[in-house]
Amino acid sequence: MTDNIKPFLGYGLMNANRPDVSFFGEDVRVPIKHVVHAGADIRINEELVLKPNVYHFEQGPFNETGFGVLGAYRNNEHHEIQAGVFGKAGKAMVVYAGYQVDRFLEGMSYDVMTGQVRDAGRGYGAFELSLTWTPRAKEKAQKPVDEKKKEQPRKEDPKKNETKNEEVGE
């Protein structure tokens with residue numbers, strides 16, 4: 001891979017302990033959810049990055065596959081504008097726009113229902129708002145150098161040198 005293309009692949013497992021969600025005493029367990037996702041960050045130039053991605057999840061009898069692409073334009077180190085289009089196979093198309101300032105990202109999307117989902121929901125889509133904060137990664141603390149533990153130059157053992165010299169025949 002080049003420095004301009006950074007692929008990613010992931011797997012998620014949710015509800016591994018299958019919690020009981022019953023209100024009335026019967027045993028109602030949440031099915032395990034498996035999610036696989038993949039994509040890449042493709043740097044077009046210093047300001048523009050494209051991020052195609054795909055995912056698939058299964059939980060009990062339900063499953064969903066999604067795909068899309070997000071474009072991110074960064075005009076300086078503090079501000080980024082994002083826009084993207086995503087699809088949920090046979091269910092919806094999602095249009096997204098976002099604006100990031102430092103570690104805060106505000107996003108807005110609209111789900112356009114398609115297929116049988118559209119008929120069930122009378123054709124209405126849904127607006128979604130998001131606010132994301134990304135904490136900084138912790139920096140590893142540098143250990144102070146202990147002057148006593150600094151590696152001292154090794155002194156040659158004179159007995160070893162004598163033995164070497166005798167073997168060579170000097």
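Things worth noting here:
- What segment 1-86 shows is 71 Å² of accessible area per residue, with the surface traced by a 1.4 Å probe over protein heavy atoms.
- Remark: spin-label model distance Lys140-Glu64 equals 3.9 nm, labels positioned 7 Å along the Cα→Cβ axis.
- Beyond 24 Å in Cα-Cα separation lie the following of the pairs Lys51/Lys140; Lys33/Lys140; Lys33/Lys91; Lys51/Lys88: Lys51/Lys140; Lys33/Lys140.
- Applying both filters, DSSP loop and at most 14 other Cβ atoms within 10 Å, to the GluC sites (Glu not before Pro) of segment 8-94 gives Glu26, Glu46, Glu47, Glu77.
The values are calculated or read from the model by the stated rules, or taken from the named source; none is laboratory data. Bear in mind that the values here come from a model prediction, so they are computed numbers and not experimental data. So basically every Cβ, Gly included, is an ideal-geometry build from the backbone, and we count neighbours across all protein chains shown. Remember, those area values only see protein heavy atoms, side chains included, never the ligands or the DNA or RNA. Shrake-Rupley method; radii C 1.70, N 1.55, O 1.52, S 1.80 Å.
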